[in-house]
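The values are calculated or read from the model by the stated rules, or taken from the named source; none is laboratory data. From a predicted model like this one, the values you see are computed outputs, not experimental measurements. Cβ placement follows ideal geometry from the backbone for every residue including glycine, while neighbour counts extend to all protein chains displayed. Areas reflect the complete protein model, heavy atoms only, side chains present, ligands, DNA and RNA absent. Shrake-Rupley method; radii C 1.70, N 1.55, O 1.52, S 1.80 Å.
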Amino acid sequence: MSKEHITNNIRTLRFFKDEMTQQELAESVGVTRQTIVAIEKGKYSPTLEIAFRMAHVFDVPLEKVFTYDAEKDQFKKRKK
């Protein structure tokens, strides 16, 4: 299943947070570095709790970390 309708700005946010590493972010939110890699690449969607933790670490609203594009969501298209 493609998750192209959910994008994220984690890499950019890490860069502007003193070039935070994936490992540092992982430790801050309580997941593995591999999980951060998968989320950044769009291969895995985090739980809401983890998503909110990331927003808190970056001190930004959730919408600055993750974006949902309803037009690309295949599930939305099937429901019509």
Within the chain, how many Lys pairs sit with Cα atoms under 24 Å apart, leaving out pairs fewer than 8 places apart on the same chain? 23
Work out from phi, with θ = phi - 60° and the Karplus expression 6.51 cos²θ - 1.76 cosθ + 1.60, the ³J(HN,Hα) of each residue of the stretch 36-41, listed in order in whole Hz, and give x for Gly and Pro. 4, 4, 5, 5, 4, 7
For the chain, the longest site-free run once GluC sites (Glu not before Pro) in DSSP loop states with at most 11 other Cβ atoms within 10 Å are removed: 20-80
For the stretch 23-33, what does the Karplus curve 6.51 cos²θ - 1.76 cosθ + 1.60, with θ = phi - 60°, yield as ³J(HN,Hα) per residue in whole Hz, taken in order and with x for Gly and Pro? 5, 4, 5, 4, 5, 5, 10, x, 10, 8, 4
Need the full-extension length gain, Lys41 to Thr7, defined as separation in residues times 0.36 nm minus the C-alpha distance. One decimal, nm. 11.4 nm
Rolling a 1.4 angstrom probe over the protein heavy atoms, how many square angstrom per residue are accessible across the chain? 74
Please list, in order along the stretch 46-54, the HN-Hα scalar couplings obtained from phi with the Karplus expression 6.51 cos²θ - 1.76 cosθ + 1.60 (θ = phi - 60°), rounded to whole Hz, x for Gly and Pro. x, 5, 4, 4, 5, 4, 5, 4, 4
So who's got an amide H within less than 5 Å of the one on Ile6, skipping anything under 5 residues away but keeping other chains? H placed 1.01 Å off N, in plane. Asp69
Portion, in percent, of the accessible area of the stretch 6-46 that falls on carbon or sulfur, probe 1.4 Å: 47
Classify the chain as rounded, prolate or oblate, taking a ≥ b ≥ c as the square roots of the eigenvalues of its Cα gyration tensor: rounded when a/c is under 1.5, otherwise prolate if a/b is larger than b/c and oblate if not. prolate
